[in-house]
Amino acid sequence: MALKDKIEELKEKNHAVIVAHNYQIGAIQDIADYVGDSFGLAKKVAELDVSNVIFCGVDFMVDSAVILNPDKDIIHPEPKATCPMAKMVDQEELERYRKENPDTSVVSYVNTNVETKAKSDICCTSSNAVKVVKSVDSTKVLFLPDRNLGDYIKRFVEDKEIDIWEGFCGTHDNIKPSHVKDLLKKFPEAEVVVHPECDPKVVDMADHVESTAGILKRAKQSRAKHMIIGTEREMGHRLKKEAPGKEYHFPGNPVCQNMKKITMEKMIHSLENLEPVIKVDENIAIKAKKPLQRMVEIGRGK
Ligand code: 13P
Ligand code: SF4
């Protein structure tokens, strides 16, 4: 039986749905029922009318789905697929900061572990970070953990003092202005669209700064023949499929190794056995749910 047919059969037999992030390998994207960015995935899982969700992404995305959907079994085909940036918040340091700055709102990127979320006032994704920071009542904000996204937010929020944590995503931070410059020499008419996790110097070179879903939306609208895309290179799979007729160039050829830890074989094992179901400590989940719910309620936008 062809792999695709086997997956379809297992999905039906076990009443399961597959959701996948835009950085998953092409084969997984192709058989997933829904492919999206962090915000889209968080919303989609809540809308699904099934009890088994196979989540192909990294741990912080899966944990958020578990916390927001206690009635569903969220299955992660490879729990070792983690996000290094999400671990860049020292809990004692954050507790100390909160004590010393009681009037400061803590805004955490979803790329954080559950302990950090539980100590936060509100979460955000790359698709609504500016809107979320603008929404908080306080005049002072701590944004964590991505210093590059923090720098990007600061460009749009003038009436708040923003402290920024020193975290970063190695995959995006390694995209250098020289990589973009080299591509622009070859394709001077190219449109440059980058993810806000990129270095501010790369952001300065961009025509548009978007989440992964926003990058796809922009590509569909753009008339450019060449696009320079500052994000993980697997994004090219969806771009070529859903916004064809252009060439996509990835400066520095960035790869997120953790996203690649999920394979077709592991996904099929999860579909067959409906495991491993991910659990989050209930005491932490209760505290982390509020900031996540507030993020979803705010929606996308700048
Ligand atoms: P998006 O929410 O834009 O898909 O980003 C998630 C991520 O981990 C980017 O590195
Ligand atoms: Fe984390 Fe970076 Fe991978 Fe996104 S690309 S999951 S931020 S390591």
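Scanning the stretch 100-121 for residues being within 16 Å of ligand 1 (Cβ to nearest atom) and not in a helix (DSSP H, G or I) gives a total of 7. Looking at this structure, is P244 outside any helix (DSSP H, G or I), at pLDDT 95 or above and surrounded by fewer than 15 Cβ atoms within 10 Å (Cβ to Cβ)? Against the criterion (outside any helix (DSSP H, G or I), at pLDDT 95 or above and surrounded by fewer than 15 Cβ atoms within 10 Å (Cβ to Cβ)), P244 qualifies. Look at the stretch 245-261: where a residue is closer than 13 Å to E191 by Cα and a partner is in a loop (DSSP other than H, G, I, E, B) and open to solvent by 50 Å² or more (accessible area, probe 1.4 Å), sitting 6+ places away or on another chain with Cβ atoms under 6 Å, you get K246/K225; F250/R233. Within the stretch 205-228, the residues that satisfy the criterion of being touching a Pro at 6+ places or on another chain (Cβ under 8 Å) and either surrounded by fewer than 20 Cβ atoms within 10 Å (Cβ to Cβ) or more than 23 Å from K154 (Cβ to Cβ) (or both) are M205, I228. Residue count for the stretch 268-302, restricted to those that are out of contact with any helix residue (DSSP H, G or I) (no Cβ under 8 Å at 6 or more places or on another chain), of a type in the set (S, T, N, Q) and surrounded by fewer than 17 Cβ atoms within 10 Å (Cβ to Cβ): 2.
Exactly one residue out of V62, V35, V50, V45 is in a loop (DSSP other than H, G, I, E, B) and among the β-branched types (V, I, T), and it is V50. Checking each residue in the stretch 279-302 for being touching a residue at least 40 places away in the same chain (Cβ under 8 Å) and acidic (D, E) picks out only D281. The residues on offer are F143, F168, F156, and the sole one that is open to solvent by less than 30 Å² (accessible area, probe 1.4 Å) and closer than 30 Å to E95 by Cβ is F143.
Each row is one residue, and each column tells you yes or no for (1) over 27 Å from K240 (Cβ atoms); (2) free of Cβ contacts under 8 Å to residues at least 40 places away in the same chain; (3) not aliphatic (A, V, I, L, M).
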{"site": "N22", "(1), (2), (3)": "no, no, yes"}
{"site": "K44", "(1), (2), (3)": "no, yes, yes"}
{"site": "M61", "(1), (2), (3)": "no, no, no"}
{"site": "Y97", "(1), (2), (3)": "yes, no, yes"}
{"site": "V106", "(1), (2), (3)": "yes, yes, no"}
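The values are calculated or read from the model by the stated rules, or taken from the named source; none is laboratory data. Everything quoted here is computed from the prediction, not taken from an experiment. Note: ideal-geometry Cβ built from the backbone for every residue, glycine included; neighbour counts use all protein chains shown. Heavy atoms of the whole protein, side chains included, go into the accessibility calculation; ligands, DNA and RNA do not. Shrake-Rupley method; radii C 1.70, N 1.55, O 1.52, S 1.80 Å.
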